[in-house]
Structure formats: C-alpha cells, structure tokens
1. What is the spin-label model distance, in nm, from residue 159 to residue 485 if the labels are put 7 Å beyond Cα along the C-beta direction?
2. Estimate the FRET efficiency between residue 467 and residue 236 by the formula 1/(1 + (r/R0)^6), using the beta-carbon distance for r and 35 Å for R0, to the nearest 0.05.
3. Please give the peptides 303-315, 342-354 ranked by average Cβ packing (other Cβ atoms within 10 Å per residue), highest first, as a rough proxy for protection.
4. With just the Cα atoms defining each centre, how far is the stretch 299-313 from the stretch 219-236? Give it in Å.
5. Between residue 499 and residue 167, what is the label-point separation in nm under the 7 Å Cα-to-beta-carbon projection?
6. When a/c reaches 1.5 or more, the comparison of a/b and b/c decides; with that in mind, is the stretch 428-493 rounded, prolate or oblate per its Cα gyration tensor?
7. Taking 7 Å along the Cα-to-C-beta vector as the label spot, tell me the residue 405-residue 478 distance in nanometres, rounded to one decimal.
8. Please state the shape class of the stretch 77-135: rounded when a/c is under 1.5, otherwise prolate if a/b exceeds b/c and oblate if not, all from the C-alpha gyration tensor.
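Read the figures in this text as sums done on the coordinates, not as results from a lab. Because the structure is a prediction, the values reported are computed rather than measured. With ideal geometry, Cβ positions are generated from the backbone for all residues, glycine too; neighbour counts draw on all protein chains shown.
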C-alpha cells in the first residue's frame, strides 16, 4: 500500500515505528519498507483514507525490550552456528565410510560396484525422504523435526558398527536408514537460516552453513582413517559421529529458536495461510531460475559424490603402479591418501566458500546477475582441473593433489551462492519445499547413482582384460573421466539461470511486497501483536 506523508511533524507510532526489530539485518529491511506518513494530529493518511493510530494506553511502549535486541541478534548467530555444526556432522558421518572404504572392501570381500552401492543406497533413501520432510518443514515445528532426524541417524550409525562380515546387506540397509535421518536436516536447516537473516547477512550465514559440506566431508575421511589407525579396527570409525550427533540434537532443541517463515510474517501473520503442496510444486516447476539452478546443482552433486567416494582409492592405486605403495590385500590398508584428501577437502571447502561469497559480493556491484555467473565460471574452471587430475596421477601424485586442490576450490565456490539464488527467487512459505525438491533432483540426477555408476564402469573395463594393478588404476581413471563432462554441463545450466534470474527475483519480491502492503492495512490496529 502506498503511503502519502502529510505536512507537519512525524513522530513514532506503535503501529509503524513501534515495531521492535532484532538484528541489523531487519533494521536494514525497515528502511526499505518505510512507514506510513503521519499528519500533524498523528493521523495516518493513505490512498484509501485516514486511520487514527491506537490509543497510547492500549499499546504502551516497552523500552526495556530495546535492550534485548542485541541479545536476540547474538542468539540468532549462535543458532546459525549450531545448525552449521549439525551440518558438519551430517557430512562427517556420510564420508566416514569413504575414509575406510579399502578396509570395508577387504572385510566384506566386495568389488568396486559393491562398495559404491553403500553411497548409492544412502543417497536414494535421502532423496526419497527429502520431499516428505520439505512438506513437513513448511507446516510443522522445524527444530523438532531436525532433532528427531539427528537422533535417528545417530542411533542407526552406532548400531551399524557391530555388523559382522556375513551381513554386508545389513550394512547397506543401515546406510539407507541413515539417509532418511539426514534428509530431514539438509532439507529444513537452510530455511531456518534463511528466515533468521536477510541480504548480505544471510549470504554470510549460508556461506558458513554450506562450508560445513566440504569441512564435514574432509573430517569424515580424517576421522575414519585416524580412528581406524588408533583403534586398529575400522568399526570404531562409525562410533564417533553418533555421540556428537546426540549432543548437537540436544543443543538444537534447547537453543535454536522456532523462527517464523519469512520476514513478512512478522508484520501480522498473513502468510500463515498455506497453499497446497500441488500448487507449490507447480509454481516451482514454472520458476525457470529455480529449475536451471537445480539442474546445475545436480551436476555438482554428481561430481562431488563420485570424486569423494573414489579419489582416495584412485590415488592409492596410482601409487601402487608407481611402486611407492603396496596393495592392501596382504597387509593393513594405508590411510595416508584418505588423510591427505580429507585435509585438502577441508581447506578447499573453506577457501571455496569464502572465495565464492567474496566474488559474488564484488560482482554484484557490476551486474545484478552476479550470483549465477560466478557459479558458472567456477564450474567451468573446475572441469579443467578435474581433467588434469587423471593426467598428472600417471606420473606425479603431488601434481594430482595440486589439481585436486584447485578443482575443488572452484567447485565448492558455488554452494552458498546456489542456496542464496533459491532464497531470492522463491517466496518464504515455499522455501522448505523448494529446498526439498532441489535436494531430491540433485541427488536423483547426481550422487544417487554416480558412485555406483563409476564403480560399475570401472569393473566393466577391468573385466575386459587380464587383472593387474595397472589396469585397476586405469579402469577407475577412465570411469572417473565422466565427471568433468558433467561439470561442464552444470556450468551451462548456471548460464541459463542467469538469463531468467532477474525476472524471477522480481516476481518473488513483488509477491512479498504485495503481502506486506495488505498487512500494513489489515493489521495496523494490531501492530504490537504483529511485532511480537
């Protein structure tokens, strides 16, 4: 609703200036929304007429609440920190298995395709459960769903550490159940952060949250290999993340606020009227920026899932060919490659997320399409260095690690930016559903099948000739060469996103402004209730 400011003094009113906001990011939004103009008698003049503000006695000022705003701001940052720690644990648990993959293959006597099945079953159950949790997350208490999910996967992971060598199928089943528990977290947690912060602050907090992906993945390799080396048994590697998960789930229940969905809701609750799930899905499918960015995310998932699962084993086989390492069939498997790859993944994750966020912030000064364009450049650059990994590994492991470092840095630069694109082009009440659908799509087309597919292709190539260490190394390398081509395709999808980004963002902003205007008229007399 447009507001016309009359001549005379303008003072604060409970209905407009009396809304208390916590956090700098909301103060920034207040300036954009503005307040209705006020006449000399304290009347509000609008295009539809005059409205007298509520009597002072009805809605008394509460100056003491002003002193709580900084505390609320710190509480939100703390909540985002706890959610980020939970995301670290999700990925730590997911890639602990990859850190002891050689030992699992030796213990259960499975080939590459069987080992890849562990990750594939995990992702398949994850992507099936994600839309369900997205639906629940848009309608029910999100922090309770998060905590229950963490408690569930922690219990299942701990139980799976006692599985004996005769029951490989039970280990596969347990990974599927873990995927269901972790789906609740990855689907809902970003939407809580999206509702706690706005604009550059939201970009920063989402960067921290998505830095947890490479950090947790790297720590998974390090934890798995280190605990196995200390304990002398790989089963102990599966008993670390459950303990930490139980602690984090409890912290979420206690300290994470039940954030309202969308800042417009803080003006009066108009957005609490939900649309149907089918209507939400139709709206998302028609959102071209959302569709293309989801396809690009699928390409990222394909590459990270395949490379994360197989690169340590590939580098170990490269060293066997170069006579600098022995096969682990007759001795305990080496954990050196998992440790190095995990450390590189942690550091490149931090560097990539910071680089991506910084580059996007700078490019926004040059173009409004900065977000998808930065992602596209990162993807296309990453594809080059992923290709060079397989060239360098034939003669130099150090050269291969350098290519991994640069390739992962560029690949990880788009995690937080992609989430920010979604927040820009999707309205608040559809965000959990949007994250869930994007998660489902990216896993279905990405890492749900890529670990198994790479292992299957490797076995297929290896069976075409006589078994030898050289051919084991080459067959896995040829299979992994599929990854850079998929990454290039993802870069193309980000370029397509850039074509529609501005129009889709404008539609989402227009929707929020329309609801904000309705709320300013309809809830003026209840402004204190709206600000609570």
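1. Roughly 4.2 nm, to one decimal.
2. 0.65
3. Numbers: 303-315: 25.8, 342-354: 22.0.
Highest mean packing first, the order is 303-315, 342-354.
4. Answer, in whole Å: 20.
5. Label at residue 167, label at residue 499, 5.3 nm between them.
6. On the way: a/c = 5.24, a/b = 2.76, b/c = 1.90.
Here the stretch 428-493 falls in the prolate category.
7. 3.2
8. On the way: a/c = 5.58, a/b = 1.68, b/c = 3.33.
It is oblate, given that a/c is not under 1.5 and a/b is not larger than b/c.
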